[in-house]
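Okay, structure first, notes after.
The values are calculated or read from the model by the stated rules, or taken from the named source; none is laboratory data. Worth saying up front: this structure is predicted, and the values here are computed from it rather than measured. Cβ placement follows ideal geometry from the backbone for every residue including glycine, while neighbour counts extend to all protein chains displayed. Please note that ligands, DNA and RNA were not included when accessible areas were found on the heavy atoms of the full protein model with its side chains. Shrake-Rupley method; radii C 1.70, N 1.55, O 1.52, S 1.80 Å.
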Amino acid sequence: LGLHNHGFWKPKSLLDTARFTLTFNSWHRKNHQDSQALWRHEAVQKYLEALSKEYQQVSHLLNTDSLNDFEQRTLRRRCANLSPIAAAFQETKEAEREVQELEAMCRELDSRDEKQLLELALEEKETLDKKVNMLCRKLFQLLVPKEKYDRSPVILEVTAGRTTGGDICQQFTKEMFEMYQNYADYKCWTFDIVNYMPAEIGGLHHAAAHISGEDVYKHLKYEGGTHRVQRIPETGMSSRMQRIHTGTMSVIVLPQPEEVDVKVDPKDLRIDTFRAKGAGGQHVNKTDSAVRIVHLPTGLTVECQQERSQQLNKEVALRTLRAKLYQQIIEKQLSQEQNARKLQLGTRAQSERIRTYNFTQDRVTDHRISYDARNIKDILSGKEALDKLINRLLEFAEIEAVTEYLENLQAFEGGDC
């Protein structure tokens, strides 16, 4: 064991026993599997074994009397970091051992043709498999540093596509906004509408909402991008001819930390007031209470017309403007975290769509993870089906984060040799 020059204790060759037989990313692209598949990878097992062994060594050294104050502080810090990882590793290994024992018992039962016991054993195995997968995810979440803004509330914006689809886009945009509103309710979040611009035909041009609650950005950060819809219109010639139309809408998700310290010079703002159009027919204001703020240096524009009071609308619009300006600051940090950006597209071009909602085939496809979900109505209801899709994205991102983390660590170790 040696004291590393960056201020933490670790084995002299942490990855000497965990060299890769193939690159993680190429393996991951070929497999597209879950956390258990990564957990069983030989290099991951060896790396976790190395961390567990290091934890035991550090714990032992802390009980000796030969350390100075600096070494003791460094060791305690390292021990605190390793302790939950070592505990989760042992817990996962024990659950995996239970699965293997149950599999062996199933093979024996199958050979004896004891069907009833076999069915019970298979049910138990399914439960254990879910437990192992959950423990693997917990372990990987401990292994990779947490993303800075995961616990932040967000500003979520939806905008109908302007180049394709026409009415289809606007109707789909309304359905998507309602889906996120229902999802916020499903997750017990607070959903405050900031702006709402309905279309004349009953769809939606643009809307924005402030969403707060537990881990909001963590769950919504991969919703940002272009969403494509394919459906037969309900009215008109196309509906009679059964012609499928394609449209798009875009989603933007901006993290909004509780303390957004962005100074805005009033001289840089142009503030316009106008009459509110009403939020989906809820009310129509008879005074110029709606507020539009333009930040002249950047050209950023925000609107708020949801409150009856012009002053309240102005406060909400300024809060949204600060969030957008703050986004420009943190965008550089987010872009450096490559694992957080692999699933989030930089532009909203149709060619960079992240998801397709095919109504004629009753299928939702997330193109980033090659994942298909059936029953579009369940997805658009914003409840369990959408939560399952979002959690699949999160699991995929966690696996990417672990593989990238280990590859970077291997490169770092290689540079030290």
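Worth pointing out:
- Averaging Cα coordinates gives a centre for the range 178-224 and one for the range 90-141; these two points are 40 Å apart.
- Remark on residue 161: its backbone amide H falls under 5 Å from those of 248, 249, 250, a criterion applied only to residues 5 or more positions apart or on other chains, H modelled at 1.01 Å from N.
- With the whole protein complex present, residue 248 retains an accessible surface near 10 Å², based on a 1.4 Å probe.
- Counted charge near residue 269, where neighbours are those whose Cβ lies closer than 15 Å (Asp, Glu -1; Lys, Arg +1): +3
- Principal axis extents of the C-alpha atoms in the range 35-143 (largest first, rounded to whole Å): 65, 24, 21.
- Net charge of neighbours whose Cβ lies under 11 Å from the Cβ of residue 380, counting Lys and Arg as +1 and Asp and Glu as -1: 0
- Accessible surface ranking for 265, 65, 167, 1.4 angstrom probe, highest first: 65, 167, 265.
- Entries of 174/263; 146/388; 324/377; 138/174; 53/388; 93/383 with Cα pairs more than 30 Å apart: 174/263; 324/377; 138/174; 53/388; 93/383
- Alpha carbon convex hull of the range 184-229, volume per residue in cubic angstrom: 104
- Taking the convex hull of Cα positions in the range 72-197, its mean projected area over all directions (nm²): 15.2
- Amide H contacts for residue 355 (H built 1.01 Å from N in the peptide plane; partners 5 or more residues away or on another chain; cut-off under 5 Å): 228, 367.
- The candidates 367, 219, arranged from most to least accessible area with a 1.4 Å probe in the full protein assembly, appear as 367, 219.
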